[in-house]
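So the structure is just underneath, and the comments pick up after that.
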Amino acid sequence: MRRILYIFTSVLAIASCRSGEKMFADRALDWCDAKVALALDRLSSEDGVLDPSLSPRNIAPGDSTWSTRPVCKELWTAGFWPGILWYSYGHNGNPRTAEAAALYTER
């Protein structure tokens with residue numbers, strides 16, 4: 001009986017944490033999705049085409065845009081950007097993010 005009461009209390013506590021507004025994690029993921037969209041805009045040429053040979057690497061101190069570098073599959077960091085894109089797509093379902101994720105993954 002204690003076990004059932006513990007489970008019920010735990011479920012009730014978890015459910016009560018979620019109100020009409022988004023949970024902290026959802027808001028954080030929305031913020032990340034917005035940053036991914038901004039990065040894709042900045043990485044695209046004027047006609048909206050992405051160059052998958054260049055991958056965002058870092059934002060230098062005092063700068064506000066990505067520093068991009070050529071990336072090959074042998075570099076240990078090659079999967080970070082495609083991975084971020086796939087995670088973002090998993091959260092937002094945006095086809096543009098999926099297309100970018102596929103493009104960078106294929107590279």
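The values are calculated or read from the model by the stated rules, or taken from the named source; none is laboratory data. Since the structure is predicted, the reported quantities are computational estimates derived from the model, not experimental observations. Cβ: placed from backbone, ideal geometry, glycine included. Neighbour counts: every protein chain shown. Please note that ligands, DNA and RNA were not included when accessible areas were found on the heavy atoms of the full protein model with its side chains. Shrake-Rupley method; radii C 1.70, N 1.55, O 1.52, S 1.80 Å.
For region 23-107, the fraction of 1.4 Å probe accessible surface lying on carbon and sulfur atoms is 61 percent.
Is any residue of region 83-107 close enough, with backbone N under 18 Å, to a label point placed 7 angstrom from the Cα of Glu74 along the Cα-Cβ axis, and if so, which? Counting backbone N atoms under 18 Å from the label point, the list is 107. The heavy atoms of Arg107 present about 80 square angstrom of accessible area, all protein chains included, probe 1.4 Å. Averaged over its residues, region 19-79 has an accessible area of 73 Å² per residue, based on protein heavy atoms and a 1.4 Å probe.
Excluding Ser55 itself, calculate the net charge of residues whose Cβ lies under 12 Å from the Cβ of Ser55, where each Lys or Arg counts +1 and each Asp or Glu counts -1. Write down the numbers at each step before the final one.
Working: positive: Arg57, Arg69, Lys73, Arg107; negative: Asp51.
Counting the neighbours of Ser55, the net charge comes to +3.
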